[in-house]
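**Student:** Handing you a structure now.
Values in this text are rule-based calculations from the coordinates and carry no lab data. Since the model is a prediction, treat every value here as computed from it, not as a measurement. Positions of Cβ are backbone-derived with ideal geometry, glycine not excepted, and every protein chain shown enters the neighbour counts.
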Amino acid sequence: MNPARALDLPKGGERLVNGRILRLVRSGPERRALDAGQVDAVLDAATGTACLLPAAERALSQAGGPFSNALLDALPREDYRRLLGELEAVTLTAGEVLYEPGARIREVYFPNDANVSLLIVMVDGKALEVGRVGREGMVGIALALGEETSAVRVLVQNSGGGLRMKASAFREAITRSLPLQRELHRYAYAKLIQARQTAACNRFHHVEGRLACWLLMTGDRARSERIHLTHAVLAATLGIRRVGVTNAATALQRRKLISYRRGSIRILDRKGLEAASCACYANIRKP
Amino acid sequence: MRAARPRKPKSGAAGTTVVVLRLYIASSAPNSVRALANLEDICKKHLPGAFSLEIIDVLEFPKRALADGILVTPSLAKLSPSPAAKIVGDLSDRGGVLVALGIKQ
């Protein structure tokens, strides 16, 4: 069990929490740092534990914890720690475009609970989703393969937390960490498989099954049964007309697999939705 | 898992004094991340090839930190050369950190 304890006293607890912290840190440079907001945790000698301050607890919780990105989580801790100084916690907001096609990749992202779409943009401006990234992976994998520019538009679909790193620091990190190289190659291969599957899915599978698959995968990556997006975004993502999305969503809702209201979709029956999904969900759910 | 280990063991050139540092952090909490970034920058600029840094995550090893006399994180301990020093906070006061480390008078 992690010896760290969160100071979670939801109602009226703030004063008690602060009072306890102040009792532990009464004076000296520790108190000055505390007053300056530069302290994350206080050690309690009586219990032999570390107590997170509320702001640090919120930050770690928002980011999903230090190891919530599965790609980073797979690294040995020493390798992860080497990356720590270069990683910056960020909030990715739905609708935000991280890269446009042809743009130089200046930063890479490791999402936690954010969900990101990779879109191919056609000459007429139409876009089609060809991949997605959540906590299992990273945005900017092209850099690990020696490519400096993005081939796709990268659009945040579901807001959430993530970690950001400058491209130059990422390249340096790759050269000094074999485990990171291994994870990136494994992930790049998984993305290749996913792209192949998506291409076949877009061509052969019916809209209702594709929508079910998309909702399940998005929910998996966001670790949530609630997905916020509009028909228009869904239509663009799946490369179909809005009426097609309406028909498919209505059919799934009628079967009580999802509920849909004002840009918010909720998965009501995960097993049922899996049964309604095209086979691609089972094939690529473990990227 | 080992409790902690030197992160960047560096041997100074002949005649160079190696500054031995230990940074106590709370995982990737904001002040801890800032402290690590600030320290890396300071070491790169002022102690190239002449420092040894050990990082201890107090969320994993609170008793180790307590045994070392640490009360809060982030905290940086300069273990050698003497005099020993302790700096608390995110190390954004670069002038103060340089003085505490004996790099600047």
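**Student:** Name the long-range amide H neighbours of residue A:112: under 5 Å, sequence gap of 5 or more, or other chain; modelled H, no Pro or chain starts.
**Tutor:** A:161, A:162, A:163
**Student:** I would also like to ask the following. Report, for chain A, the % of DSSP beta bridges that are antiparallel, rounded to 5. Let's see the in-between values first.
**Tutor:** Details: 36 of 38 bridges.
The answer is about 95 percent antiparallel.
**Student:** Let me ask another. How do B:61, B:51 rank when sorted from fewest to most other Cβ atoms within 10 Å of their own Cβ?
**Tutor:** B:61, B:51
**Student:** Determine the equivalent ellipsoid of the range A:124-203 by diagonalising the alpha-carbon gyration tensor, then write out the semi-axes as square roots of 5 times the eigenvalues, largest first, rounded to whole Å. Mind showing how you got there, number by number?
**Tutor:** On the way: eigenvalues 113, 47, 32 Å².
Rounded to whole Å, the semi-axes are 24, 15, 13.
**Student:** Follow-up question, since we're still on this one. Lysine pairs, Cα distance under 27 Å, 8 or more residues apart or cross-chain: how many in chain A? Can you show the working numbers first?
**Tutor:** Details: A:126/A:191; A:166/A:191; A:191/A:271; A:191/A:286; A:256/A:271; A:256/A:286; A:271/A:286.
Counting lysine pairs in chain A gives 7.
**Student:** So what are the range A:134-287's ellipsoid semi-axes, whole angstrom, largest first, if each one is the square root of 5 times an eigenvalue of the alpha-carbon gyration tensor?
**Tutor:** 32, 16, 15
**Student:** Next question, about the same structure. Residue-wise, which Karplus ³J(HN,Hα) couplings in Hz belong to the range A:95-100, taking 6.51 cos²θ - 1.76 cosθ + 1.60, θ = phi - 60°, and x for glycine or proline?
**Tutor:** So the J values, rounded to whole Hz, are x, 6, 9, 7, 9, 9.
**Student:** Regarding the protein assembly as shown, what is the average projected area of its C-alpha convex hull, in nm²? Mind dumping the intermediate values first?
**Tutor:** On the way: hull surface 89.4 nm².
Over every viewing direction, the Cα hull of the protein assembly as shown projects on average to 22.4 nm².
**Student:** Roughly how tilted is helix B:30-46, in degrees to the nearest 10 and between 0 and 90, from the longest Cα axis of chain B?
**Tutor:** 10
**Student:** Let me ask another. Using packing as a proxy for protection, rank A:117-126, A:251-260 so that the peptide with the highest average count of other Cβ atoms within 10 Å comes first.
**Tutor:** Values: A:117-126: 13.8, A:251-260: 17.1.
Ranked by mean Cβ neighbours within 10 Å, highest first: A:251-260, A:117-126.
**Student:** Please turn the phi angles of the range A:71-76 into ³J(HN,Hα) values with the Karplus equation 6.51 cos²θ - 1.76 cosθ + 1.60 (θ = phi - 60°), one per residue in order, whole Hz, x for glycine and proline.
**Tutor:** After applying 6.51 cos²θ - 1.76 cosθ + 1.60, I find 5, 5, 4, 6, 7, x Hz.
**Student:** Peptide B:18-27: average number of partner chain Cβ atoms within 10 Å per residue? Provide the component values of the computation, followed by the final result.
**Tutor:** Working: counts 0, 0, 0, 0, 0, 0, 4, 4, 15, 15.
The shielding value for this peptide is 4.
**Student:** Under a GNM of chain A (C-alpha, springs under 10 Å), which listed residue has the highest mean-square fluctuation: A:57, A:78, A:136?
**Tutor:** A:78
**Student:** Calculated from DSSP H runs of 4 or more alone, at -39500 (n - 2.57) each and per residue, what is the 222 nm mean residue ellipticity of chain A, nearest 500? Please report the intermediate quantities before stating the final value.
**Tutor:** Numbers: 13 runs with 131 residues, N = 287.
Helices in chain A give a 222 nm mean residue ellipticity of -13500 deg cm²/dmol.
**Student:** Next question, about the same structure. Other chains' Cβ within 10 Å of B:37-49 residues: what's the mean?
**Tutor:** Working: counts 5, 1, 1, 4, 1, 0, 0, 0, 0, 0, 0, 0, 0.
Mean partner shielding for this stretch: 1.
**Student:** While we're on this one: Amide H of residue A:132 versus every other amide H placed in the peptide plane: which residues, excluding those fewer than 5 positions away on the same chain, fall under 5 Å?
**Tutor:** Sorted by chain and number, the residues that satisfy this are A:118.
**Student:** Using per-residue counts of other Cβ atoms within 10 Å, averaged over each peptide, order A:264-273, A:157-166, A:228-237 from highest down.
**Tutor:** Values: A:264-273: 16.2, A:157-166: 21.8, A:228-237: 18.1.
Output ranking for A:264-273, A:157-166, A:228-237: A:157-166, A:228-237, A:264-273.
**Student:** Further question on the same structure: Across peptide A:76-85, what mean number of C-beta atoms from other chains lies inside 10 Å of a residue's C-beta?
**Tutor:** Values: counts 1, 4, 6, 0, 1, 8, 4, 1, 10, 12.
Going residue by residue through A:76-85 and averaging, the value is 5.
**Student:** Calculate one ³J(HN,Hα) per residue across the range A:117-125 by plugging θ = phi - 60° into the Karplus curve 6.51 cos²θ - 1.76 cosθ + 1.60, and present them in order as whole Hz with x for glycine and proline.
**Tutor:** Computed from phi, the couplings for the range A:117-125 are 9, 9, 10, 8, 9, 7, 4, 7, x Hz.
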